[in-house]
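Read through the structure below, which is laid out as structure tokens, and then see the notes.
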Amino acid sequence: MIYIGIDISKDSFVAAYPTKSGYTTKTFNNDTKGVRQFIKSLPDEGHCVMEATGNYSMLLLYLLQQAGILVSMENPQKIKHFSRAMMSVAKTDEIDAKLIAIYGEKMNPAPYKIPSESILLLKQKRTVLRQLKKHLAATINLQQSLAVLPKQDTTSKVAVEQTIKFLHKQISKMEEEITNLSNKEFKRQMDLLTSIKGIGNTLASALIVATGGFTYFTSAKQISRFLGICPTYQQSGTSVNIKGHINRNGDTHLRCQLYLAACSSLRCNTACKQAYDRLRANGKSGKSAIIAVANKLIRQAFAVVTSNRPYIDGYVSTFA
């Protein structure tokens, strides 16, 4: 297998090819023509490796998979820590491409499976919805700051009010579209997830998007680690014994949704309430106990989807 490292930017990408004396690099335009030129330059048994760089990498990723070429999409944190291990002291696009190629050779990353069209559409809608909510919060803050002035401009006031009204309308429309698309394409999974007390339509659709319809992971622990709600722990000899915070590697917005869902589940989810009470009785802080409940919700979600059976509150297994 020949690993080709790719460093991607908005307008171009740099590819690093292994040679007998090291690596050689070449720059291509990040458009359809440039990608096709790159594909023609690939050797037999080439395996492309790149960092996850959001939308800028999607065209290259899509066309490589259409051409039947192996490609891996890696977390930038992995490449960053690998660079530190290699004691790299310089950073350019060419150097990064070479490091990614070396990373592929040493780590042998798994091929990336591109999400389905439905997942891609849901992901776009969630991104737009998140930005709309940020704009709404900022505009409401602006409205409140203008309201305290001794003399308020009428035109500015009307413009802000109309903007707030428009954003509310667009947010409602986007939330409705996300729910409808989720129910249409992933109806069974939505029904299973919302059978868990504490998980509603919004969180259910977010979990489906983040996990690719629960196809990216083979265990609930992997999902928790990916979402950034796994507790960290450091131990070395007799001097270091630290129970740290959660790893915070994943989607901050989804992690907040899970935290709020965990708080809500204490009122209606028997297993979550029992876990929370037990941890608090053992001296855990309220926040730590809520994080544990959020992890329990992930385990419940993974269980109902993989078993294809709805959640039964208070169910106790009869197996030993």
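Derivation of every value follows stated rules applied to the coordinates shown; laboratory data play no part. Model, not experiment: these values are computed from the prediction. All Cβ positions, even for glycine, are placed from backbone atoms using ideal geometry, and neighbour counts span all protein chains on display.
Couple of notes before you dig in:
- Inter-part distance where segment 164-221 and segment 42-102 are each reduced to a Cα centre, Å: 30 Å
- The stretch between K157 and Q124, if pulled fully straight at 0.36 nm per residue, gains 8.7 nm over its current Cα-Cα span.
- Approximating the spin labels as points 7 Å out from Cα along Cα→Cβ, the R36-to-S9 distance works out to 2.5 nm.
- Three-way shape call for segment 2-107 based on the alpha-carbon gyration tensor, with the a/c threshold at 1.5: prolate
- Fraction of alpha-carbon pairs over 32 Å apart in the chain - percent: 46 percent
- Using a Förster distance of 35 Å, the FRET efficiency for N141-S116 (Cβ separation, nearest 0.05): 0.40
- The value obtained for segment 270-320, namely the Cα convex hull volume divided by the number of residues, is 83 Å³ per residue.
- Where a label projected 7 Å from the Cα of H245 along Cα→Cβ would reach, residues of segment 271-290 with amide N under 14 Å: 287-288
- Each listed q (0.17 Å⁻¹) maps to a log10 I(q)/I(0) for segment 161-320 from the Debye sum over equal C-alpha point scatterers, namely -1.05.
- Counting only residues at least eight positions apart within a chain, or on another chain, the lysines with an alpha carbon under 18 Å from that of K113 are K123.
- Contact order, relative form, for the chain: 13 percent (alpha carbon pairs under 8 Å, 6 or more residues apart, mean separation divided by residue count).
- A Förster radius of 35 Å, combined with the Cβ-Cβ distance separating F166 from T24, puts the computed FRET efficiency at roughly 0.10.
- Potential lengthening of the chain between T306 and A67 amounts to 82.8 nm, from the contour at 0.36 nm per residue minus the alpha-carbon distance.
- Other-chain or far-sequence residues with amide H under 5 Å of S12's (modelled H): N30
- Mean shadow area of segment 99-173, taken as a quarter of the surface of its Cα convex hull (nm²): 9.0 nm²
- You can think of it this way: the chain between M86 and L59 has 6.7 nm of extra reach, that is 0.36 nm per residue less the Cα-Cα gap.
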